[in-house]
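Below you'll find the structure, written out as structure tokens, and then a few comments.
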């Protein structure tokens with residue numbers, strides 16, 4: 001197992017200060033003087049622990065004939081990044097150089113044959129398991145014993161103030177040039193990805209798009225239920241909340257495929273939008289399927305519902321104003337039929353039971369009346385009560401006469417010598433009266449010559465009349481129930497009322513060229529902004 005040894009910092013001290021004073025400037029052509037004694041490091045570094053193998057000695061700096069400012073200008077043209085320049089400054093400091101700038105550090109390192117951008121760190125030494133250092137790699141600069149230390153001493157040359165100002169000015173010019181280049185690239189991207197699509201969109205809306213005419217209409221669904229009838233159930237009876245469910249159902253029906261197919265069968269929806277004068281983006285292909293026609297239908301027929309007011313708002317778009325109004329009228333008629341059919345079954349169910357009860361009661365009343373009539377015809381009695389009253393009156397009259405005759409007979413018998421002829425006459429009258437009264441009484445309770453008695457006839461007629469009265473009461477109750485059911489059914493009825501009738505416009509409603517162009521510009525700009533921000537964030541994360 002190999003580990004990286006920890007490197008320690010060290011300084012190289014010169015034994016003679018005179019040698020440092022006599023050090024020539026960087027780039028001088030004179031040969032440096034040899035120091036009195038060779039400086040030795042005070043500490044042993046891992047670099048010095050390598051085996052004694054032939055190491056490539058750094059070549060002495062060649063005579064410099066080129067201008068340092070020209071070399072720095074050439075290095076500036078290479079477009080080095082700030083990270084590379086900072087790395088070059090650190091490498092130069094490790095090699096004991098004293099550059100005045102990052103570009104000067106690159107120049108001095110290259111003059112000494114050192115690559116300032118080599119990724120191999122000089123301190124990353126790998127030691128094998130036996131403790132022997134590995135063989136040196138190529139282009140690795142290690143501290144070596146220098147025969148001529150005067151050549152490696154820091155330069156005492158100080159750049160004049162004018163050269164530093166030129167460098168700052170050059171940096172500013174370079175920054176301004178890069179900003180101008182980035183700004184130009186940004187405007188070019190805006191032109192290509194935002195302005196050009198917006199111009200194409202504007203050209204389409206102003207020159208190619210077919211004018212479309214929109215017909216507006218408003219409708220509301222009403223009911224017979226009135227507010228204030230009592231109870232919490234009728235609290236919202238007069239508001240739009242009572243018919244919100246019906247309105248939503250009608251809205252869904254008008255936006256359904258069923259309504260589209262019915263409109264196509266009645267007025268030719270597909271044929272209208274397949275006309276050649278309509279532009280290709282809005283035109284429906286000849287012989288298109290129902291799904292393609294339905295996609296166009298959803299774009300051209302717009303239904304809105306306001307739940308607070310309960311108003312249905314419809315906008316129908318077509319290439320001809322008259323056809324647009326015809327489409328709108330047809331859809332409103334479809335909605336009216338749908339509203340009527342929603343409560344028809346409920347109303348029929350409510351009326352069916354009441355009507356059946358009324359019909360049964362009416363049939364039973366008719367049966368009772370027929371029975372009473374048959375009894376009257378069979379017995380020859382119109383009103384048994386009247387007949388009995390008449391007979392009882394006669395019996396009472398004859399009984400009164402009988403009493404008078406009996407009193408008269410008693411008066412005649414009270415005489416000492418009664419008149420026999422008058423007595424016999426009075427007795428005959430009494431006998432005839434008794435016989436007549438007996439016959440009258442027997443006619444009330446006994447039948448004669450195959451006919452029922454008057455009492456029996458009266459009882460049967462009374463029973464039949466009572467049954468008839470009961471049937472009539474049941475008929476009245478059934479009639480009242482049917483009326484109540486009819487009222488409830490009428491309350492369940494829904495009516496579609498037109499608030500705004502469809503009127504054909506005289507000017508094209510669509511396309512709205514300016515609004516659509518502005519919307520397209522904002523959409524393209526938003527997409528470009530999101531993509532640019534995403535790319536910038538990703539670039540920053542990658543370079544960090």
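Some notes on this structure:
- Any chance residue 510 is touching a strand residue (DSSP E or B) at 6+ places or on another chain (Cβ under 7 Å) and within 30 Å of residue 191 (Cα to Cα): yes
- Residue match in region 315-337 (condition: within 30 Å of residue 484 (Cβ to Cβ) and surrounded by fewer than 19 Cβ atoms within 10 Å (Cβ to Cβ)): yes
- Residues of region 288-320 that are touching a helix residue (DSSP H, G or I) at 6+ places or on another chain (Cβ under 9 Å), over 19 Å from residue 253 (Cβ atoms) and in a loop (DSSP other than H, G, I, E, B): 288, 308, 309, 319, 320.
Rule-based calculations on the coordinates, nothing more; no lab input. The shown structure was predicted, so the numbers you read here are calculated from the model rather than taken from an experiment. Backbone-built Cβ (ideal geometry, glycine too); neighbour counts: all protein chains shown.
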